[in-house]
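Peer 1: Let me give you the structure first, and then I'll get to my questions.
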Amino acid sequence: MARVLRVARSSSLFGLGSRFYSTSAEVSHASPFLHGGGASRVLAKDRNVQWVFLGCPGVGKGTYASRLSTLLGVPHIATGDLVREELASSGPLSRQLSEIVNQGKLVSDEIIVNLLSKRLEAGEAKGESGFILDGFPRTMRQAEILGDVTDIDLVVNLKLPEEVLVDKCLGRRTCNQCGKGFNVAHINLKGENGKPTISMDPLLPPPRCMSKLITRADDTEEVVKARLRIYNETSQPLEEYYRSKGKLMEFDLPGGIPESWPRLLEALRLDDYEEKQSAAA
Ligand code: AMP
């Protein structure tokens, strides 16, 4: 089917407009690309996936979105990264942003949509297509803006018990040279009342990164708890919003990456896709 670009319906929304687009899709049950939350599976033959990752701070959205981005060849766009880049640039917004981010609060919808918009525009100029969004939308307003300008195929809602999330955020480290993320936390949450035991080994950096590790300024216990509170109040309603549209895929992480990655691929019906990709490489 011919690729049909649909110009965004709402070009006045904070200037986001035509930087988002969507195309027609053709139905095929053979496809690993999902549409409609996994209930019906549609081959988005004419374009790449347009997915959203939801979930509390520290759940692993960045880890899994980034792995899927490599596997599927679509950009992983994390609005938290865009905010941190803006902070690091010491541009006009950076002072205002650092106060908000360091308190664990949300940046205004207008600022975040503008940052995302610029990122998409730069990607479009490089020929990118599709996306895996991580950390956007986070408010109902953002979800409405997104819905007004493009079609989201699937929303993956990653879940872990709240007790684990604080420890995971506090254990998070990034190498300030290679940019890779690690985690020094040993997680072992005993299963009680029918809930499974969750254990995760630390993801330790190689020796060359060891002296270059940095911790995010907003990964302190107080700020992580504030971010979790804000997630529950402001972002959790998005789960119901996407559930009611039949787009939500719930995924309870069974543990760390070695257990969770193959199960996630299975849930996304991408398990044999990874093998085919490596065979073709
Ligand atoms: P993250 O890396 O996703 O935890 O984001 C770090 C911080 O960036 C958040 O605590 C917010 O202050 C800000 N931020 C990221 N994405 C959004 C968003 N969609 N809406 C508002 N603020 C955001």
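Peer 1: If we scan the stretch 18-35, do we find a residue that is at pLDDT below 90 and part of a helix (DSSP H, G or I)?
Peer 2: So far as the stretch 18-35 goes, yes, one or more of its residues are at pLDDT below 90 and part of a helix (DSSP H, G or I).
Peer 1: Suppose we keep only residues that are in a helix (DSSP H, G or I) and among the hydroxyl-bearing types (Ser, Thr, Tyr) within the stretch 79-115. Which one would you say is surrounded by the most Cβ atoms within 10 Å (Cβ to Cβ)? Lay out the reasoning, then the answer.
Peer 2: Residues of the stretch 79-115 in a helix (DSSP H, G or I): 79-88, 94-102, 109-115.
Filter once more, so that each one left must be among the hydroxyl-bearing types (Ser, Thr, Tyr): 79, 94, 98.
Values: THR79: 20, SER94: 16, SER98: 17.
Among them, the one singled out is THR79.
Peer 1: So, one more: Are there any pairs with C-beta distances below 7 angstrom linking a residue in the stretch 96-109 that is within 6 Å of the ligand (Cβ to nearest atom) to a residue that is in a loop (DSSP other than H, G, I, E, B) and open to solvent by 40 Å² or more (accessible area, probe 1.4 Å), with the two at least 6 apart or on different chains, and if so which?
Peer 2: The qualifying pairs are LEU106/ARG138.
Yes/no matrix, rows are residues, columns are (1) open to solvent by 20 Å² or more (accessible area, probe 1.4 Å); (2) on the phi > 0 side of the Ramachandran plot; (3) outside any loop (DSSP other than H, G, I, E, B):
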{"residue": "CYS169", "(1), (2), (3)": "no, no, yes"}
{"residue": "ARG173", "(1), (2), (3)": "yes, no, yes"}
{"residue": "SER199", "(1), (2), (3)": "yes, no, yes"}
{"residue": "ASP219", "(1), (2), (3)": "no, no, no"}
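Peer 1: Looking only at the stretch 201-214, which residues are under 22 Å from the mean Cα position of the chain (by Cα) and crowded, with 16+ Cβ neighbours inside 10 Å?
Peer 2: Within the stretch 201-214, just LEU203 meets the criteria.
Peer 1: Taking only pairs six or more apart or across chains, which ones have beta-carbon atoms under 8 Å, a first residue in the stretch 116-138 that is among the hydroxyl-bearing types (Ser, Thr, Tyr) and open to solvent by 10 Å² or more (accessible area, probe 1.4 Å), and a second residue that is at pLDDT 95 or above and within 14 Å of the ligand (Cβ to nearest atom)?
Peer 2: Pairs that qualify, where the first residue is among the hydroxyl-bearing types (Ser, Thr, Tyr) and open to solvent by 10 Å² or more (accessible area, probe 1.4 Å) and the partner is at pLDDT 95 or above and within 14 Å of the ligand (Cβ to nearest atom): there are none.
Peer 1: Among the residues of the stretch 57-74, which ones are assigned to a loop (DSSP other than H, G, I, E, B) and either within 13 Å of the ligand (Cβ to nearest atom) or open to solvent by 20 Å² or more (accessible area, probe 1.4 Å) (or both)? Lay out the reasoning, then the answer.
Peer 2: Quick first cut of the stretch 57-74, residues assigned to a loop (DSSP other than H, G, I, E, B) only: 57-60, 73-74.
Answer for the stretch 57-74, where residues must be assigned to a loop (DSSP other than H, G, I, E, B) and either within 13 Å of the ligand (Cβ to nearest atom) or open to solvent by 20 Å² or more (accessible area, probe 1.4 Å) (or both): PRO57, GLY58, VAL59, GLY60, GLY73.
Peer 1: Now for a separate question. Read through the list (1) within 22 Å of ARG243 (Cα to Cα); (2) within 14 Å of the ligand (Cβ to nearest atom); (3) open to solvent by 10 Å² or more (accessible area, probe 1.4 Å), then give the number of the only condition that ASP148 fails.
Peer 2: (2)
Peer 1: Scan GLU86, GLU124, GLU99 and give me the residue that is of a type in the set (Asp, Glu) and farther than 28 Å from VAL166 by Cα.
Peer 2: Working: GLU86 fails: farther than 28 Å from VAL166 by Cα; GLU99 fails: farther than 28 Å from VAL166 by Cα.
Result: GLU124 is the single residue among GLU86, GLU124, GLU99 that is of a type in the set (Asp, Glu) and farther than 28 Å from VAL166 by Cα.
The values are calculated or read from the model by the stated rules, or taken from the named source; none is laboratory data. Treat the numbers as computed from the prediction; the structure is a model and nothing was measured. Neighbour counts are summed over all protein chains in view; Cβ atoms, including those assigned to glycine, are modelled from backbone coordinates with ideal geometry. When the accessible area is computed, the model is the full protein with side chains, heavy atoms only, and any ligands, DNA or RNA have been set aside. Shrake-Rupley method; radii C 1.70, N 1.55, O 1.52, S 1.80 Å.
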